[in-house]
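Asks: Following this message is one structure expressed as structure tokens.
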């Protein structure tokens with residue numbers, strides 16, 4: 001048997017109160033695409049941070065081509081041929097593409113040479129990119145190209161990719177997979193982290209599954225069904241959300257001729273948006289991030305006021321009403337950004353429950369808060385949505401992403417809205433929690449709520465929505481029934497692979 | 001009123017002198033803020049630099065040693081800020097304000113025996129031939145050496161930030177400290193170096209006031225220049241040449257309005273006295289209307305745990 005490229009043996013890392021990795025061992029062969037699967041909090045990030053030298057293991061060893069490998073810092077890992085494409089936190093918005101790439105290299109050539117090398121590598125791998133553009137102006141797909149090219153310029157032996165496809169259109173995913181296949185054929189190994197099991201089945205040679213920090217199994221993805229892999233991840237049988245046959249009622253939310261400029265400098269203006277949502281209907285809105293999703297949510301929540309007639313609720317114009325007035329009527333929203341927009345990070349869950357629940361749940365009287373009722377409300381959310389936290393007095397920041405998301409969605413669902421607008425309801429949430437959130441949305445719709453679900457996860461939209469529309473450069477396509485819609489058609493509605501080049505104009 | 005008494009050559013030459021303390025302090029703070037740290041203690045570091053430089057040059061008789069001592073003094077005081085904000089992770093605004101209050105009080109204590117003393121003269125550089133050119137010579141080539149140090153420092157900071165790898169890393173740390181950390185850069189170490197540099201520059205600026213501009217020691221003699229330097233960095237959109245322009249503009253109008261007062265112009269003194277502030281702010285606000293903005297991590301505390 002040949003020596004594997006990287007061999008992990010009994011890696012253990014404990015943080016106060018939690019063992020992030022417990023005796024994890026597996027091998028990555030030369031030229032192999034190896035998937036690392038696991039729910040949020042399963043210890044995937046800690047594991048790749050150890051390989052990349054950001055975190056030191058408490059015990060266990062790593063062997064790189066048979067040699068002991070213990071990088072004290074990322075620089076050393078990079079020098080040994082390990083490169084990583086991060087999920088967050090790794091690009092500098094105010095700097096240009098070439099500067100961003102130079103920061104990730106040990107000995108960058110002068111800027112002029114670097115720019116021409118960037119052009120050369122980006123064309124070789126089919127990822128066109130202008131080295132002098134400011135990163136803040138790029139779309140999500142283009143930003144990812146910056147990261148990939150930064151890695152490729154260093155001739156990596158092992159490329160670590162953390163959830164690379166979560167922000168891409170189907171066409172962009174195809175381009176990425178072609179690039180990765182090309183790299184594999186050149187002998188580069190790839191460690192691929194993802195929630196999306198179908199992707200792993202088409203791309204990866206081997207998969208290792210982590211649960212609660214332990215290696216709970218391995219499989220060959222091409223020969224294993226997505227459902228089996230998901231159940232290995234979760235450790236129990238998965239519930240697929242059920243959609244019962246529903247009758248749609250009258251039109252609850254009617255948006256017509258809605259045009260608003262974006263409040264932020266890098267945002268997208270909404271242009272002549274039309275849509276209607278009936279009672280009991282789930283309208284899914286897809287599209288690549290940055291095509292007007294945040295603005296659409298802002299307009300529907302009341303954060304961005306519009307012409308009164310542009311938005312009607314049960315025939316009543318509400319375009320000029322603010323968020324609190326709309327909540328009173330029954331139009332509720334849950335924005336995408338959990339920390340900062342949907343929840344105040346340093347405030348307790350009780351306080352966060354009050355922030356959107358006070359009007360409908362009657363949590364204040366004459367300007368004074370009713371703390372005990374508020375606490376009950378927070379406890380109801382925690383109980384109903386299985387939010388894992390020691391109690392409602394904990395700060396929102398202390399919850400994991402998935403748990404906080406359950407809280408934020410649950411908070412709106414329990415207020416029994418007539419119209420609910422959610423943006424990215426399951427972003428960064430593990431499979432079991434995502435299924436619970438989707439089920440809650442469907443249950444709500446079954447009771448007659450009109451739901452607008454803005455998401456970049458197409459599988460999710462196909463699973464829960466009755467009709468589908470796509471946002472592209474602030475324009476909303478005409479909604480179509482979800483049943484019978486093909487991936488190609490959806491891609492075209494979203495603007496296809498070329499859409500990303502102009503997404504921020 | 002006799003405007004003819006104002007000598008334009010002397011006016012321009014003295015505006016450069018008036019601007020230099022402001023320029024030195026602003027360039028130092030610009031580097032600090034580019035690294036993502038907001039140090040409001042500029043005034044305190046300047047006044048400590050002023051008394052350190054004054055005391056050492058009186059004791060040793062060498063203005064050069066005085067300026068070195070001023071830079072060290074400013075940097076040592078900024079170490080206190082380092083300790084508070086980078087090690088103890090205290091709030092930067094509160095720590096900076098504390099630094100100013102501490103510096104003002106501490107310099108008064110150190111300077112008690114130096115009131116009324118005259119410091120040694122640094123002299124001016126007279127470069128042969130070019131300093132004798134009429135008009136240009138006296139304006140540009142007959143100054144003390146520190147004034148040229150200020151201009152050289154501006155050039156060096158501009159070139160370093162724009163073209164060098166060190167500058168790129170510094171900007172990266174100020175822009176997104178989490179990303180810089182993930183790439184393996186030592187955020188805290190880089191910020192400490194920047195804060196020390198800022199302290200040294202502020203110290204030099206303070207000593208320029210006590211050794212050259214005024215030459216004497218009085219309590220609180222920096223009189224708000226540190227605060228103006230802070231504002232200047234913001235209005236200059238964190239660009240070194242604009243900071244230089246702003247400093248010279250401010251210095252120029254200060255000198256001009258003093259001349260106008262002396263010449264007895266029929267504008268109330270209060271309006272003349274406020275004019276440097278208003279005009280400098282107006283010009284820089286108009287200039288800063290482009291889309292360049294503050295370093296994204298400015299004033300945020302970095303903690304490496306996540």
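The values are calculated or read from the model by the stated rules, or taken from the named source; none is laboratory data. Since we're looking at a predicted model, the values are computed, not measured. Cβ atoms come from the backbone with ideal geometry, glycine included; neighbour counts cover every protein chain shown.
Asks: May I ask you to list the residues in region A:78-105 that are at the interface with chain B (Cβ under 10 Å from one of its Cβ atoms) and within 30 Å of residue A:3 (Cα to Cα)?
Replies: Of everything in region A:78-105, those that are at the interface with chain B (Cβ under 10 Å from one of its Cβ atoms) and within 30 Å of residue A:3 (Cα to Cα) turn out to be A:78, A:84, A:86, A:104, A:105.
Asks: Let me ask another. Specify the residue that is nearest to the other protein chains (Cβ to nearest Cβ); the eligible residues are those in region A:42-77 that are at positive phi and surrounded by 20 or more Cβ atoms within 10 Å (Cβ to Cβ).
Replies: Once the filter is applied, the top-ranked residue is A:53.
Asks: Which residue, of B:217, B:238, is at pLDDT 90 or above, assigned to a loop (DSSP other than H, G, I, E, B), within 14 Å of another protein chain (Cβ to nearest Cβ) and over 30 Å from residue A:45 (Cβ atoms)?
Replies: Answer to the selection: B:238.
Asks: Still on this model: Give me a count of the residues in region A:4-31 that are in contact with a strand residue (DSSP E or B) (Cβ under 8 Å, 6 or more places away or on another chain) and in a loop (DSSP other than H, G, I, E, B).
Replies: 5
Asks: Being farther than 30 Å from residue B:33 by Cα, surrounded by 15 or more Cβ atoms within 10 Å (Cβ to Cβ) and without any contact (Cβ under 8 Å) to a residue 40 or more places away in the chain is the requirement here; does residue B:131 meet it?
Replies: Considered against the rule, which asks whether it is farther than 30 Å from residue B:33 by Cα, surrounded by 15 or more Cβ atoms within 10 Å (Cβ to Cβ) and without any contact (Cβ under 8 Å) to a residue 40 or more places away in the chain, residue B:131 comes out as yes.
Asks: If you scan region B:57-100, which residues turn out to be touching a helix residue (DSSP H, G or I) at 6+ places or on another chain (Cβ under 7 Å) and not in a helix (DSSP H, G or I)?
Replies: B:90
Asks: Take residues that are free of Cβ contacts under 8 Å to residues at least 24 places away in the same chain and tell me which of the helices (runs of 4 or more DSSP H) falling wholly in region A:309-419 contain 3 or more. Before you say what the answer is, go through the steps one by one.
Replies: Values: elements: A:323-329, A:349-361, A:371-384, A:401-413.
Here the list reads A:349-361, A:371-384.
Here's the yes/no breakdown for (1) part of a loop (DSSP other than H, G, I, E, B); (2) modelled with pLDDT of 80 or more; (3) out of contact with any strand residue (DSSP E or B) (no Cβ under 7 Å at 6 or more places or on another chain); (4) not assigned by TED's automatic domain parsing to the domain that holds residue A:485:
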| residue | (1), (2), (3), (4) |
| --- | --- |
| A:230 | no, no, yes, yes |
| A:242 | yes, no, yes, yes |
| A:246 | yes, no, yes, yes |
| A:257 | no, yes, no, no |
| A:264 | yes, no, yes, no |
| A:267 | yes, no, yes, no |
| A:275 | no, yes, no, no |
| A:285 | no, yes, no, no |
| A:290 | yes, no, yes, no |
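Asks: Moving to a separate point now. Which one is nearest to the other protein chains (Cβ to nearest Cβ), of the residues in region B:146-178 that are in contact with a helix residue (DSSP H, G or I) (Cβ under 7 Å, 6 or more places away or on another chain) and free of Cβ contacts under 8 Å to residues at least 12 places away in the same chain? Reasoning before the result, please.
Replies: Within region B:146-178, the first condition is being in contact with a helix residue (DSSP H, G or I) (Cβ under 7 Å, 6 or more places away or on another chain), and the residues that meet it are B:146-147, B:150, B:153-154, B:157-158, B:160-161, B:166-174, B:177.
Remaining after also requiring free of Cβ contacts under 8 Å to residues at least 12 places away in the same chain: B:160, B:166-168.
Values: B:160: 14, B:166: 12, B:167: 10, B:168: 6 Å.
Looking at the filtered set, the residue picked out is B:168.
Asks: Among what's in region B:179-208 and is facing another protein chain (nearest Cβ under 9 Å) and in a helix (DSSP H, G or I), pick the residue that is surrounded by the fewest Cβ atoms within 10 Å (Cβ to Cβ).
Replies: Per the criteria, the residue is B:182.
Asks: I'd like to check something: does region B:279-289 contain any residue that is surrounded by 21 or more Cβ atoms within 10 Å (Cβ to Cβ), part of a loop (DSSP other than H, G, I, E, B) and either on the phi < 0 side of the Ramachandran plot or touching a helix residue (DSSP H, G or I) at 6+ places or on another chain (Cβ under 7 Å) (or both)? First the steps, then the outcome.
Replies: We begin by selecting, within region B:279-289, every residue surrounded by 21 or more Cβ atoms within 10 Å (Cβ to Cβ); these are B:280, B:284.
Still in the running and part of a loop (DSSP other than H, G, I, E, B): none.
The answer is no; no qualifying residue exists.
Asks: Same structure, new question: Go through the residues of region A:115-131 one by one and say whether even a single one is over 28 Å from the mean Cα position of the chain (by Cα) and either assigned to a loop (DSSP other than H, G, I, E, B) or within 12 Å of chain B (Cβ to nearest Cβ) (or both).
Replies: No, the conditions are met nowhere in region A:115-131.
Asks: Determine whether region A:422-433 contains at least one residue that is crowded, with 23+ Cβ neighbours inside 10 Å, in a helix (DSSP H, G or I) and in contact with a helix residue (DSSP H, G or I) (Cβ under 9 Å, 6 or more places away or on another chain).
Replies: Yes, region A:422-433 has at least one match.
Asks: Under 7 Å between Cβ atoms, at least 6 apart or on separate chains: pull out the pairs that start in region A:200-218 with a residue that is farther than 15 Å from residue A:32 by Cβ and outside the structural domain of residue A:33 (by TED's automatic domain parsing) and end on any residue that is buried (at least 21 other Cβ atoms within 10 Å of the Cβ) and modelled with pLDDT under 85.
Replies: Close Cβ pairs (under 7 Å, with a partner that is buried (at least 21 other Cβ atoms within 10 Å of the Cβ) and modelled with pLDDT under 85) do not exist here.
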